[in-house]
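J.: This is the structure I have questions about; it appears just below.
Read-outs throughout are calculated quantities, based only on the coordinates presented, and are distinct from any laboratory measurement. It should be emphasised that the depicted structure is a prediction, and the values quoted were computed from it without experimental measurement. FYI the Cβ positions are ideal-geometry reconstructions off the backbone, even for glycines, and counts take in every protein chain you see.
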Amino acid sequence: MTRGDLTDGEWELIEPHLPLGASGPIPDLRSYFNAVMWRFRTGSPWRDVPNSYGSWSTIYDRFRLWARDGVFQTLMDAMITEAAARDDVDLSLVSVDSTVARAHHHAAGMVVDPDLLEDMEKA
């Protein structure tokens, strides 16, 4: 295990949410997942993933399958649910700004009745 790889406890949370291969468990699944995490943590090209994780092309193919099948979204949802069950979720830290919640282009410069605006602000 290298610096930044998943601990045994983290792996126990993640592994059940990763899909099986067509013929059963995927050999080196933990190594592949650690490699994907390494790649995104460092921002390096796929070809620079250390050989200790396995072939970069195999790791990239595994990542593409997981991305296509929505594995990362499923994993994120499961981790949030797990944290919420332990009461470890603090939504007061959630921030939505204009880069996340973009207004429709027709919303710019819209004229709103002042009374309606006041009612909407009270709601």
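J.: Using 0.36 nm times the number of residues separating ARG3 and ASP113, minus their current alpha carbon distance, what extension gain do you get?
T.: Gain in length upon complete extension: 33.8 nm.
J.: Now for a separate question. Roughly speaking, what is the stretch gain from LEU13 to MET120, that is 0.36 nm per residue apart minus the C-alpha to C-alpha distance, in nm to one decimal?
T.: The span from LEU13 to MET120 would gain 34.2 nm if fully extended.
J.: Quickly rank 113-121, 30-38 as a protection proxy: mean count of other C-beta atoms within 10 Å, highest first.
T.: 30-38, 113-121
J.: P(r) tail for segment 1-67, what percent of Cα pairs lie past 18 Å?
T.: Result for the distance tail: 33 percent.
J.: Sticking with this structure for a sec: Can you compute the modelled spin-label distance between TRP46 and ARG68, with each label point 7 Å from Cα toward Cβ, in nm?
T.: 1.1
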